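Have a look at the structure below before the remarks.
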Number of protein chains: 4
Amino acid sequence: MSSEGARVWLIPDGFIPEESSGSQESHEAICVLNTSAEEARLSISFYFEDREPVKDVEAIVPPERTRHIRTDRLGGAEIPRGVPYAIRVESNVPVVVQCSRMDTTQAALSLMTAMAHPVER
Amino acid sequence: MSSEGARVWLIPDGFIPEESSGSQESHEAICVLNTSAEEARLSISFYFEDREPVKDVEAIVPPERTRHIRTDRLGGAEIPRGVPYAIRVESNVPVVVQCSRMDTTQAALSLMTAMAHPVER
Amino acid sequence: MSSEGARVWLIPDGFIPEESSGSQESHEAICVLNTSAEEARLSISFYFEDREPVKDVEAIVPPERTRHIRTDRLGGAEIPRGVPYAIRVESNVPVVVQCSRMDTTQAALSLMTAMAHPVER
Amino acid sequence: MSSEGARVWLIPDGFIPEESSGSQESHEAICVLNTSAEEARLSISFYFEDREPVKDVEAIVPPERTRHIRTDRLGGAEIPRGVPYAIRVESNVPVVVQCSRMDTTQAALSLMTAMAHPVER
């Protein structure tokens, strides 16, 4: 059950809405599953339209655990709201990455999700 | 028409919302399609952020059938609401797996879906 | 530019909601893109949880055209509303298939989409 | 970190809703991530159900940047609202492409997204 997934994942559509309504805050989460027996050490980079990327934000996923990492609560790096961005996740062991958005700009919430694109190498 | 899909599928973003509104209950479904002439015997495992995985929940998909398995009605295993989780589906024959969420926390429902990530092996 | 995509595509999560509200009717569409210079002749099959599949519903996508095929307007085959189903699309030439749902059961509409899973062969 | 992604991407389900409500306009965006050190020169084609494709709309993604390209603000080419279409993106260097829709036809917005289908070649 080792080696499920890939070591690099890419997500072109990142966007944290500026506004929220109701009980749920607009946010995005990078969801990572590590089915291996080893700790996954992630290095996450964020790309923008008109500024330099923010690289090497670190995160850990313990063996046989998932982590849903909110991009507005990274601790250290700060991703601006209302700005298009993109995400690259690199891991020392194979993992699987999916990215989801909750948007509550207008009354009632909306969700979207996509499996990230794996890079084989 | 045998052997369509893969034997292992991974879904990092699982979450059953705690609240519902209107006529529709918030829920998630693991949707499986078995186009083969053989019964598919599934073993489903659930991973969490801060506890041991729940492994080997069993389900059957007859030949040339689909099943949309709600994760809040597994019978036996219980997935807590309001907690991030992830899913691993293993099958004895190739199948295809897609996971969808309905969220009715705020008035009006919202849907999201993603094809699971197949593991080639 | 010939031969873009695959000849067989699978979609486990099909469901046409029974109810609608507002100006938009709840529906699903099988969206097909044919970038080739040849006509694509599709054979679409529908799988259910507890009945025999409906096979070989035919559709045509002309060269360099897209078609968004509503599953509630197939002409001939009838997919029941409110029942889980799954879809298999086979084409004589490579195409790309994506499936989307609009759900207006509760006030305000909701959308979800997924690229179908391609079968290499 | 060069060569992440693919050079051709296909998106069968394009549709720009005719109506909007609230503060958000209904729209679609082709989201592209270029992690390479080279400028990505894109050639985007749009396919329809009953008319000739619009080919070779150009766009640039600088090195280590993302661009979220709204299909209702292409400058030059004009994609009609309320009409099914499909998208083909070709790039001189490998990139990753995801397509998302915001639909605010009925009160409250709805989102959907899918990673485009990569063509290996």
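The values are calculated or read from the model by the stated rules, or taken from the named source; none is laboratory data. Please read all numbers here as calculations on a predicted model, not as lab measurements. Cβ sites come from the backbone with ideal geometry, for glycine too, and all protein chains shown count toward neighbours. Each accessible area value is taken on the protein alone, full model and side chains, heavy atoms only, with ligands, DNA and RNA left out. Shrake-Rupley method; radii C 1.70, N 1.55, O 1.52, S 1.80 Å.
Would you check which residues across segment C:7-29 are among the hydroxyl-bearing types (Ser, Thr, Tyr), touching a strand residue (DSSP E or B) at 6+ places or on another chain (Cβ under 8 Å) and more than 18 Å from B:Met112 (Cα to Cα) and list them? Selection gives nothing. Here D:Ile60, D:Ile87 are screened, and the one residue that is more than 7 Å from every other protein chain (Cβ to nearest Cβ), in a strand (DSSP E or B) and either small (Gly, Ala, Ser) or surrounded by 20 or more Cβ atoms within 10 Å (Cβ to Cβ) (or both) is D:Ile87. Anything in segment A:16-53 that is among the hydrophobic types (A, V, I, L, M, F, W, C), more than 23 Å from D:Glu28 (Cα to Cα) and either in contact with a Pro (Cβ under 7 Å, 6 or more places away or on another chain) or more than 14 Å from chain D (Cβ to nearest Cβ) (or both)? List them, or say none. Those that are among the hydrophobic types (A, V, I, L, M, F, W, C), more than 23 Å from D:Glu28 (Cα to Cα) and either in contact with a Pro (Cβ under 7 Å, 6 or more places away or on another chain) or more than 14 Å from chain D (Cβ to nearest Cβ) (or both): A:Cys31, A:Val32, A:Leu33, A:Ala37, A:Ala40, A:Leu42.
May I ask you to verify whether A:Asp13 is away from chain B (no Cβ under 12 Å), charged (D, E, K, R) and open to solvent by less than 30 Å² (accessible area, probe 1.4 Å)?
Working: away from chain B (no Cβ under 12 Å): yes; charged (D, E, K, R): yes; open to solvent by less than 30 Å² (accessible area, probe 1.4 Å): yes.
When the stated conditions are applied, A:Asp13 passes them.
Screening D:Arg81, D:Arg101 for residues that are closer than 26 Å to A:Met102 by Cβ, open to solvent by 10 Å² or more (accessible area, probe 1.4 Å) and not aromatic (Phe, Trp, Tyr) leaves exactly one candidate, D:Arg101. Evaluation of A:Glu64 against the conditions (1) under 14 Å from the mean Cα position of the chain (by Cα); (2) at pLDDT 95 or above shows that the sole unmet condition is (1). Flag set for C:Ala108, criterion: under 26 Å from A:Ala108 (Cα atoms), assigned to a loop (DSSP other than H, G, I, E, B), in contact with a strand residue (DSSP E or B) (Cβ under 8 Å, 6 or more places away or on another chain) and open to solvent by less than 20 Å² (accessible area, probe 1.4 Å). Every residue in segment A:41-81 that is over 18 Å from A:Asp13 (Cα atoms) and small (Gly, Ala, Ser), please. Those that are over 18 Å from A:Asp13 (Cα atoms) and small (Gly, Ala, Ser): A:Ser43, A:Ala59, A:Gly75, A:Gly76, A:Ala77. Among the residues making up segment B:24-56, those that are among the β-branched types (Val, Ile, Thr) and open to solvent by less than 20 Å² (accessible area, probe 1.4 Å) are B:Ile30, B:Val32, B:Thr35, B:Ile44. Restricting the first member to segment C:109-120 and to residues that are touching a residue at least 60 places away in the same chain (Cβ under 8 Å) and at the interface with chain B (Cβ under 7 Å from one of its Cβ atoms), and the second to residues that are open to solvent by 20 Å² or more (accessible area, probe 1.4 Å) and part of a loop (DSSP other than H, G, I, E, B), the beta-carbon pairs closer than 9 Å and six or more apart or on different chains are C:His117/B:Gly5; C:Val119/B:Ser3; C:Val119/B:Gly5. Scanning segment B:63-78 for residues that are β-branched (Val, Ile, Thr) and either open to solvent by 20 Å² or more (accessible area, probe 1.4 Å) or free of Cβ contacts under 8 Å to residues at least 40 places away in the same chain (or both) returns a single hit, B:Thr66.
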